[in-house]
1. Going from most exposed to least, what order do 2, 33 have by accessible area with a 1.4 Å probe?
2. With θ set to phi - 60° and the Karplus curve 6.51 cos²θ - 1.76 cosθ + 1.60, what are the ³J(HN,Hα) couplings of the range 22-32 in order, to the nearest whole Hz, using x for Gly and Pro?
3. Under a crude label model (7 Å from the Cα following the beta-carbon direction), how far is residue 56 from residue 68 in nanometres?
4. How large is ³J(HN,Hα) for each residue in the range 56-65, as worked out from phi by the Karplus curve 6.51 cos²θ - 1.76 cosθ + 1.60 (θ = phi - 60°), to whole Hz, x for Gly and Pro?
5. Label 7 Å along Cα→Cβ of residue 40; the range 76-93 residues with amide nitrogen under 15 Å?
6. In whole Hz and in residue order, list the ³J(HN,Hα) couplings for the range 68-73 that follow from phi through the Karplus curve 6.51 cos²θ - 1.76 cosθ + 1.60, θ = phi - 60°; x for Gly and Pro.
7. Can you work out the FRET efficiency for the pair residue 88 and residue 28, with r the C-beta to C-beta distance and R0 = 25 Å, to the nearest 0.05?
8. Express the carbon and sulfur contribution to the solvent-accessible surface of the chain as a percent, rounded to the nearest whole number, probe 1.4 angstrom.
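The values are calculated or read from the model by the stated rules, or taken from the named source; none is laboratory data. What you see is a predicted model; the values in this text were computed from it and never measured. Glycine also receives a Cβ, built like all others from the backbone with ideal geometry; neighbour counts cover every protein chain displayed. Surface accessibility is based on the protein's heavy atoms, side chains included, excluding ligands, DNA and RNA. Shrake-Rupley method; radii C 1.70, N 1.55, O 1.52, S 1.80 Å.
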Amino acid sequence: QVQLVESGGGLVQPGESLRLSCAASTRIFSAYVMSWYRQAPGKQRELVADITRGGSTTYEDSVKGRFTISRDNGKNTVYLQMNSLKPEDTAVYYCNAHRTLFTYWGQGTQVTVSS
């Protein structure tokens, strides 16, 4: 069992930045594909970004050029740097760890972008 603990959410104004962190309780963190998802009220959960074991990244189209996912295998942590935030980025952000048949979720952290 892997526990994922997100932090870094909050209330910001449009155009501002936030950095989310997700700490994983596993000795084989480097073996997992790590992802960030988000779920806005009344909408389905969607993939925002992911990073493979080798460091390759993919992004949802609406966040390309604004968000950056990264990982620190020495700290068992994955990050999501979010710049130029927009009101439509408002959602609960979830961390996900995936390896073969195993997938784990964090409890989520709220991000609200509002003036």
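1. Descending accessible area places them as 33, 2.
2. 3J(HN,Hα) across the range 22-32, in whole Hz: 9, 9, 10, 9, 8, 7, 10, 3, 5, 7, 9.
3. If labels sit at residue 56 and residue 68, their model points lie 2.1 nm apart.
4. Once rounded to whole Hz, the list reads 6, 10, 9, 9, 5, 4, 6, 10, 4, x.
5. Inside the label zone: 85-93.
6. 9, 9, 8, 9, 10, 5
7. 0.10
8. Carbon and sulfur atoms account for 47 percent of the accessible area of the chain.
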